[in-house]
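Here the structure comes first, spelled out in structure tokens, and everything after it is commentary.
Bear in mind these aren't lab numbers, they're just calculated from the coordinates by the rules spelled out. Owing to the predicted nature of the structure, the values given are computational and were not obtained by experimental measurement. Quick reminder, even Gly has a Cβ in these numbers, built from the backbone with ideal geometry, and neighbours come from all protein chains shown.
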Amino acid sequence: MSDEMNQRPEDSEAAGQPSDSVARLVNATKTFGTGDAAVTALDDATIDFRRGEFTAVMGPSGSGKSTLMYCQSGLDRLTSGHAYVGDIDVSTLSDQESSVLRRSKLGFIFQSFHLVPALTARENITLPVDLDPDAEVDETFLAELAAVLGIENRLGNLPSQLSGGQRQRVAVARAMIPRPEVIFADEPTGALDSKTSGELLAYLRTAVDELGQTIVMVTHDAVAASHCDRVVYVQDGRLVDEGRHPTVDDVLDKIRELS
Ligand SMILES: Nc1ncnc2c1ncn2[C@@H]1O[C@H](COP(=O)(O)OP(=O)(O)OP(=O)(O)O)[C@@H](O)[C@H]1O
Ligand SMILES: [Mg+2]
């Protein structure tokens, strides 16, 4: 286990938080259900996500990866501990405040896309900006995203008229368009073939390198993780290890060890 995982929150508070922390969990625990049926999906997890870093979150099915992402972003509430976005403790926010915070600072790419069926691809992509009265769609950025993601000819189509991979790419463009501080992606390459997946990962990598985008990506795919700066491993709701600049083989070895 790395030193960082062992670092106690008191130590990090004493040392002062790094100024480049954009999201962090401190002693985060999430329990579903009560009594015999209780499941501890997140168990005293402390982790920091830094600006401009591309992090993969890996671990067996049911280990708590999605729960970590949902609690970190305020989509779900911790049972105990704290989830910060910048300096804001999302655990103290009302549902409405939490949703305003998400809209202004965070982007999401869900495994099941969550596209609005009655809106075209373009309308789905611009939805987060259209919902914000103070924001305007950056048409140049939208055109660039659509071109890189290969969906420029599909913008007028409804989600039902798109393939699974195209829907996923629309969801990626929707997450990117408001230029959020952090993008949380839950298996964004899950529905893609290896070529499209490679292109998407290369694009996410470019967004990190050139725009300073921070990305937290849940993935089961060692190749996807190898595009990241950092990989963290979750098991039974606990953060059990992490590595930097992982190769595909590093990740496969670790996954075998954990499963
Ligand atoms: N709403 C819920 N009610 C009860 N238990 C839940 C709920 N959501 C998640 N869990 C449980 O919490 C644990 C962690 O679930 P989570 O969805 O975070 O896993 P995961 O690592 O994302 O798995 P996968 O790789 O299959 O997506 C699992 O045991 C799951 O059954
Ligand atoms: Mg999950």
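Every Cα-Cα pair of the chain was included, and the share exceeding 27 Å stands at 36 percent. For the chain, the Cβ-based charge dipole about the Cα centre amounts to some 660 debye (Lys, Arg positive; Asp, Glu negative; other atoms uncharged). Positive end of the charge dipole of the chain (Lys, Arg +1 and Asp, Glu -1 on Cβ, about the Cα centre): tell me which of Gly243, Ile183, Ala173 has its Cα farthest that way. Farthest along the dipole direction, towards plus: Ala173. In this structure the amide hydrogen of Gly86, modeled in the peptide plane, comes within under 5 Å of the amide hydrogens of Ala23, Arg24, none closer than 5 places in sequence on its chain. The phi-based Karplus calculation (6.51 cos²θ - 1.76 cosθ + 1.60; θ = phi - 60°) puts the 3J(HN,Hα) values of segment 110-125 at 8, 4, 9, 6, 6, 7, 8, x, 7, 9, 5, 4, 4, 5, 5, 5 Hz, whole numbers, x for Gly and Pro. For Ile109, the residues 5 or more places off, or on other chains, whose built amide H falls under 5 Å of its own are Phe184, Ala185, Asp186. Backbone phi angles across segment 36-47, fed through the Karplus curve with coefficients 6.51, -1.76 and 1.60 (θ = phi - 60°), yield HN-Hα couplings of 4, 8, 5, 10, 8, 7, 9, 10, 6, 8, 10, 7 Hz in residue order; Gly and Pro are listed as x.
Residues with amide H under 5 Å of Glu53's amide H, sequence separation 5 or more or different chain, H placed in the peptide plane at 1.01 Å from N; which? Counting only residues 5 or more places away or on other chains, the set is Ile215. About its Cα centre, segment 67-213 has a charge dipole of approximately 460 debye under the convention of +1 per Lys or Arg Cβ and -1 per Asp or Glu Cβ, with nothing else charged.
Stretched out straight at 0.36 nm per residue, the stretch from Glu199 to Ser259 would grow longer than its current Cα-Cα span by 18.7 nm. Taking the Cα centre of segment 113-178 as origin and assigning +1 to Lys and Arg Cβ atoms and -1 to Asp and Glu Cβ atoms, the resulting dipole is close to 500 debye.
In order along segment 128-137, the Karplus-derived 3J(HN,Hα) couplings, from 6.51 cos²θ - 1.76 cosθ + 1.60 at θ = phi - 60°, round to x, 6, 4, 6, 9, x, 8, 10, 10, 5 Hz, and Gly and Pro are given as x. Taking the DSSP bridge list for the chain and keeping only pairs wholly inside it, about 55 percent are antiparallel. Tilt of helix 248-258 relative to the longest C-alpha principal axis of the chain, in degrees (0 to 90, nearest 10)? Value to nearest ten degrees: 50.
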